[in-house]
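Only one structure is covered here, and it is reproduced in the block below.
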Number of protein chains: 4
Amino acid sequence: MSYNTFGHMFRVTTWGESHGPAIGCVVDGCPPLLSLTEEDIQPFLDKRRPGQSSFTTQRREPDQVKICSGVFEGQTTGTPISLVIENTDQRSKDYGDIAQTFRPGHADLAYQTKYGIRDYRGGGRSSARETAMRVAAGAIARRVLGENIRIRGALVQIGKHAIDRSRWDWSEVERNPFFSPDPESVPVWEEYLGGIRKAGSSVGAVVEVVAEGVPAGLGAPLYGKLDADLAAALMSINAVKAVEIGDGFETAAYEGPENADAMRMEDGEVAFQSNHAGGILGGISTGQPIVARFAVKPTSSMLIPVHSVNRAGEDVNVITKGRHDPCVGIRAVPVGEAMLACVLADHLLRHRGQVGRL
Amino acid sequence: MSYNTFGHMFRVTTWGESHGPAIGCVVDGCPPLLSLTEEDIQPFLDKRRPGQSSFTTQRREPDQVKICSGVFEGQTTGTPISLVIENTDQRSKDYGDIAQTFRPGHADLAYQTKYGIRDYRGGGRSSARETAMRVAAGAIARRVLGENIRIRGALVQIGKHAIDRSRWDWSEVERNPFFSPDPESVPVWEEYLGGIRKAGSSVGAVVEVVAEGVPAGLGAPLYGKLDADLAAALMSINAVKAVEIGDGFETAAYEGPENADAMRMEDGEVAFQSNHAGGILGGISTGQPIVARFAVKPTSSMLIPVHSVNRAGEDVNVITKGRHDPCVGIRAVPVGEAMLACVLADHLLRHRGQVGRL
Amino acid sequence: MSYNTFGHMFRVTTWGESHGPAIGCVVDGCPPLLSLTEEDIQPFLDKRRPGQSSFTTQRREPDQVKICSGVFEGQTTGTPISLVIENTDQRSKDYGDIAQTFRPGHADLAYQTKYGIRDYRGGGRSSARETAMRVAAGAIARRVLGENIRIRGALVQIGKHAIDRSRWDWSEVERNPFFSPDPESVPVWEEYLGGIRKAGSSVGAVVEVVAEGVPAGLGAPLYGKLDADLAAALMSINAVKAVEIGDGFETAAYEGPENADAMRMEDGEVAFQSNHAGGILGGISTGQPIVARFAVKPTSSMLIPVHSVNRAGEDVNVITKGRHDPCVGIRAVPVGEAMLACVLADHLLRHRGQVGRL
Amino acid sequence: MSYNTFGHMFRVTTWGESHGPAIGCVVDGCPPLLSLTEEDIQPFLDKRRPGQSSFTTQRREPDQVKICSGVFEGQTTGTPISLVIENTDQRSKDYGDIAQTFRPGHADLAYQTKYGIRDYRGGGRSSARETAMRVAAGAIARRVLGENIRIRGALVQIGKHAIDRSRWDWSEVERNPFFSPDPESVPVWEEYLGGIRKAGSSVGAVVEVVAEGVPAGLGAPLYGKLDADLAAALMSINAVKAVEIGDGFETAAYEGPENADAMRMEDGEVAFQSNHAGGILGGISTGQPIVARFAVKPTSSMLIPVHSVNRAGEDVNVITKGRHDPCVGIRAVPVGEAMLACVLADHLLRHRGQVGRL
């Protein structure tokens, strides 16, 4: 069973292969009367777009999104919104080799085994190109969430080099090609990643996404918990191998008092004294910022040869030429933001349906 | 929107509050003609049952499961299987205090805010008591998976004390009250956890679950990826704050060659040289063991007072008397196994539907 | 794939076989803070209960419903509501014959072919006994809909004997054992059905259900249209073979002007001049009464022998002894009402989620 | 909540408005390795295409379908199949009037009330133009069903003029512009419908669809019964007001023996002696032909003035110029076939998943 739809009330269905004629998505369940044009979506796609620095793939495509339905005279109508991006720079010949060989760490073999067929060109359906549609859908999700909910992301680790959280400055994120909130990490990462790129290698990373202004009460326990849906959303991004909420794996080492986010009344409101929980308790948002992190493994396409096998059942050494991101984690930042936005939009509508308007 | 159903083809719906008359679940989609009796389910419940050592809650209940439908003359019929466990030891008076106060780190406040009402007795719906039904459903999932797929779990860290993986021995797991695969960890944990319990505190833990014998091809890309569904399943367990597949967060620090699981032909079969991926690539099982870990935060119910607020909007110090697990991560081992079994059973049926019989 | 759940936001999962220990359902998605006790549900079950006249099965069961979860101190909590009815009068021996033979017109053969096994006692899962849980769930749906939405049903045809609609009087419905709105139909039906019963035969019927006070705007086009969901809901009732909305099949014979429900402004409101559409246009409620009818075929269990085959592959003549309704359409009236209530509750919550509060 | 997806395992999501740039659909869950090109789909679209006789709308569009994903080198890959048809003949100015007025019997008012906005051009989302994508998806569903399952449809009634079933000849259906299986009905309908068209009126119709070769065992009781899903599928088609399976409403008038489809063994197989049930018992296919009929009401767009209101809240008389089908039921024949194909494909995969390969 294939399953290319995400969400319940705010539902995103994506389609398309890396080197097919186009990729697209259908956003179903978007409330009516929201103002929406291509200009609301394009900036987020531009942020994710490849070819912007030497640290991302040199594939160059305008990634110009087109709204094909669901919007009338600049407003959503409550009917499905179809978004399409033409694939314009497809250089399929680069990928001829991978028709016959399976890249270790890549989905090649898994798709071939499952389906008995795969569109191997550029990774086909398993290509990170699909994440463009996640970003586009995320832009619509932001309209649903409104101005009061702010969603941002940052890269907090490349390889073994983590940022210093004490220097966190959101305003830095847009000023460097890594989406780093720590300006001092930038030269370190530049040098490190430059070496990785020259060596034809790749490297992993950690992304952090944060949503502020989320009202308390979102989340559908027990099997539609906000953190469970968020974990699925982030884990479904290409190359992600781990997800944590709030202090995540650190909480395993905590004793009770360290973990408890104490509360005090302030100005008639409940004020939390810390946010180890990352804004979610019992699967429900608490009103604190939602904080999640996810690990992105190194790109499996690289110029360093690795042992593999081919379709003929022979041992081979694989080198992947093509054009690849040495650190796919960088471009995963806007994708992670988009998934967080989609999950929250879905839960906002779900909560409003079952419990009432927030 | 509440959502108490998990899975698509193998669907589990749970119901019940900690101190209501009973808890239960409905397993819908189980194939017919599998042999099934209460005796197939009970051993897994017994493994999770509280009151078995001084390291778990002293609540004592037989947790005797009853099959109310879907089985005829010892075989499943393809109709929904209803399982019920009576709540027999409910001592609700222990929990009188928490009617008015919100335990930091607990779902109390979140439920109250979301729904405007909560069954506060023993945590009501947010109690880990619900996980008994996950374990029961997991026992049925194991029947669907058959004898060739083996699912096991172990505790690999309590607080700051991790096991030594070089000593991993599955046969040890059943020999100690911690489900530890490392016998040398047992006295260390006993002493540490004894201190935690005496102090009225609690502590976090890390659980690892493994499925061997899983055929290649399970997983429904892109939004029903095996790892995404597994992440949601594990994150939905009470107190879980992080999930990782294979090498998980470690992969962020890897360079490409470290991450690639090289392949070689052996006896006409593809043989992987390592399993950093944890048995899943592109959201699809590869035939290698599925490996996942999750972090369980410390129980928020403890005897050490923490700052909080009450329903009257006053600052209070909360102490939770009742009977609690000092390390809820221990009993999360069989729960994690059950969720892994349920996810795999679901995907086995989904794959068989879309692509054909495995 | 089995599928025993109905609805999206207001979700009902039923379980249980006719002669198992109990039947039950889980209602998930019910909003919190609605007052609910067993006394709110029981009257609807009593209306459907067998053994109340000589025109329904003589199986006598109190059908006493028990709420096992989701309600706290008389109010719904937003968590799943589990309802259970014990099966007390099971006389399984009556059904020994049908273990080996397939009743023509009954689900016996279909279940056996599909699943390779069936609980044949009293029809097992395919028994109309399951509809008790639909009625119970419908009672909760009515709480969701509130006082302003009124749902009623009536029997409008038994065999070839239809009511005279010009004599329609809702107050008559509760005064006769047929739920007939036409008092003059009662003696006719009594005599006719008495003959059917004596002959050991059975007969079909038509039920009409009406919802008044439904706000305009409910319905989720295009594949969750209100009429499409209602058609599925009614067609899923045992023995139903046809469903129509408004003038239904009559509209096939209409020319355009006959079909158009003209509108005029009255007191600043749109006033329809007729209701051929049955309150639904484009899959969305218009504010007019929702009107639907469904045909119930004759009970296939009867004392008149019919040609059939048995599991041994032999020709046989089947007589079904047991205790059966000569006209199962009568007891289908409260079931049809319940399904209409469930569909409307589901769509009320769905609309509120996507578009805003009504 | 909008909901533009149909099916569970074979899932069709449609998008697009009548006068937007394009319409399209995404078919998710199609098994891999089926041969598929645009040429497999186009003939079914051509059959439904407008402008082919004076009895259907004069809107002329090639309705050329394009496959944008999910097919590689002529075979399905198991990934979502995106189909797009450009809208080329949109003459939107014809529809200027209906921006302000609500056509009686049409979805205009319902959409405006529900969403507070509508794309009124050509009916927008509620236009029957969307059914082109149902037909396209149905063509793919036929590939899933394979050569042994044959799906056909016919028009059996226009206005008060029904066919004579004793003259039923499937080979006639493709020889007349009405899809009539009764050649003697053709001149009668021609004359009648010619008069309707000249008068600027419209008329209703009844369509019958049949599937032969369907294996026994399809259907997911109790809330995914084959007939329940089929009822929803057919009722979701524009202008449909009634659905029946097998003898449908006639069964209400039957006594038990008339309704029972007797069985006898023939050549070691169960042979039914009649098919009043329309091939479905207990929601499960029996192996007999699946037979369903549905009523299509008259097109609400016509040149005969009808009383209505406008957005300014004034009484008006509405005439709809544009280009319309005098009997939309004719073109509903291929649409009904397509929905039947989609429902069967979905259930084939569902059954294969839960119970095993057929």
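Just checking the output field for D:310-318: average partner chain Cβ neighbours within 10 Å of each residue's Cβ?
Average neighbour count from other chains, rounded to a whole number: 2.
Using the Karplus equation 6.51 cos²θ - 1.76 cosθ + 1.60 (θ = phi - 60°), what ³J(HN,Hα) coupling, rounded to whole Hz, does each residue of the stretch B:215-225 give in order, writing x for Gly and Pro?
Working through the residues one at a time gives x, 5, x, 7, x, 10, x, 9, 10, x, 4 Hz.
Report the FRET efficiency, 1/(1 + (r/R0)^6), for C:GLU174 and C:LYS66, where r is their Cβ-Cβ distance and R0 is 22 Å, rounded to 0.05.
0.25
Would you kindly derive the ³J(HN,Hα) couplings of the stretch B:302-310 from the backbone phi angles with the Karplus curve 6.51 cos²θ - 1.76 cosθ + 1.60 (θ = phi - 60°), listing them in order in whole Hz, with x for Gly and Pro?
So the J values, rounded to whole Hz, are 7, 8, 7, x, 10, 5, 7, 10, 10.
Extending each Cα 7 Å along its Cβ direction at C:LYS160 and A:LEU33, get the distance between those two points in nm, one decimal.
5.6
Sequence-distant or interchain residues sharing an amide H contact under 5 Å with B:VAL316, placed H: which?
It is B:SER308, B:VAL309, B:ASN310, by chain and number.
Under the rule of at least 5 residues apart or a separate chain, name every residue whose amide H is placed under 5 Å from the amide H of B:GLY287.
Residues meeting the amide H criterion: B:ALA216, B:GLY217.
State to the nearest 20 debye the size of the charge dipole of the protein assembly as shown about its Cα centre, where the only charges are +1 on K and R beta carbons and -1 on D and E beta carbons.
Dipole size: approximately 0 debye.
Specify, for chain B, the residue whose C-beta is closest to the rotation axis mapping it onto chain D, with the distance given in whole Å.
Nearest to the symmetry axis by Cβ: B:GLY353, 1.
Put +1 on the Cβ of every Lys and Arg and -1 on every Asp and Glu Cβ in the stretch D:284-358; which of D:ASN317, D:CYS342, D:PHE294 then has its Cα farthest towards the positive end of the dipole?
About the Cα centre, the residue reaching furthest to the positive side is D:CYS342.
Using R₀ = 22 Å, calculate the FRET efficiency as 1/(1 + (r/R₀)^6) where r is the Cβ-Cβ separation of A:ASP267 and A:ARG150; round to 0.05.
So, using R0 = 22 Å, E works out to roughly 0.50.
Taking a probe of 1.4 angstrom, what is the accessible area of A:VAL328 in Å², to the nearest 10?
Its heavy atoms expose roughly 30 Å² to the probe.
Which distances, in nm and shortest first, link the C:ALA271 label point to the same label point in every other copy, taking 7 Å along Cα→Cβ?
In ascending order, 6.0, 6.4, 8.7 nm.
For the stretch A:106-181, rounded, prolate or oblate, judged on the Cα gyration tensor with a ≥ b ≥ c (square roots of eigenvalues), a/c < 1.5 rounded, else prolate if a/b > b/c?
oblate
Enter the Cα centre distance for the pair the stretch A:229-304 and the stretch A:330-358, rounded to the nearest angstrom.
15
Which distance in Å, rounded to a whole number, links the C-alpha centroids of the stretch C:189-221 and the stretch C:104-176?
The two parts, judged by their Cα centres, are 8 Å apart.
Measuring nothing but label to label, 7 Å from Cα along Cα→Cβ, what are B:PRO183's distances to the other copies in nm, shortest first?
With the label placed 7 Å along Cα→Cβ, B:PRO183 yields 5.9, 8.9, 9.1 nm.
Considering chain A as a Gaussian network with a 10 Å cut-off on Cα pairs, which listed residue, A:ALA220, A:ALA312, A:ALA341, attains the greatest mean-square fluctuation?
Sorting by GNM fluctuation, first place goes to A:ALA312.
Let's see if you can work this out: charge +1 on each Lys and Arg Cβ, -1 on each Asp and Glu Cβ, no other charges. What is the dipole magnitude of the stretch B:199-358 about its Cα centre, in debye to the nearest 20?
800
Label position 7 Å from Cα toward Cβ: report the copy-to-copy distances for C:SER54 in nm, one decimal, ordered from shortest.
Shortest to longest, the spacings are 6.4, 7.5, 9.9 nm.
Give me the dipole magnitude in Debye, nearest 20, for chain B about the Cα centre, with unit charges on the beta carbon: positive for Lys and Arg, negative for Asp and Glu.
1180
Return the single residue from C:GLU190, C:GLU250, C:GLU174 with maximal mean-square fluctuation; model: Gaussian network over chain C, springs between Cα atoms under 10 Å.
The residue that fluctuates most here is C:GLU250.
For the stretch C:186-306, take N as its residue count and report Rg(C-alpha) divided by 2.2 N^0.38 Å.
1.35
For chain A, what is the accessible area per residue in Å² when the probe is 1.4 Å?
Averaged over the residues of chain A, the accessible area is 30 Å².
Please check: in the Gaussian network model of chain B (C-alpha springs, under 10 Å), which one of B:SER18, B:SER171, B:SER185 has the largest mean-square fluctuation.
Highest fluctuation of the listed residues: B:SER171.
Would you list which lysines come within 29 Å of B:LYS321, measuring only between C-alpha atoms, while excluding same-chain residues fewer than 8 positions from it?
Straight-distance partners of B:LYS321: A:LYS225, B:LYS47, B:LYS93, B:LYS114, B:LYS160, B:LYS198, B:LYS241, B:LYS297.
The values are calculated or read from the model by the stated rules, or taken from the named source; none is laboratory data. Since this is a predicted model, take the numbers as computed values, not measurements. Methodologically, a virtual Cβ is constructed for each residue, glycine included, from the backbone with ideal geometry; neighbour enumeration extends over all protein chains shown. For the accessible areas, the whole protein counts, side chains as well, though only heavy atoms, and no ligand, DNA or RNA atoms are used. Shrake-Rupley method; radii C 1.70, N 1.55, O 1.52, S 1.80 Å.
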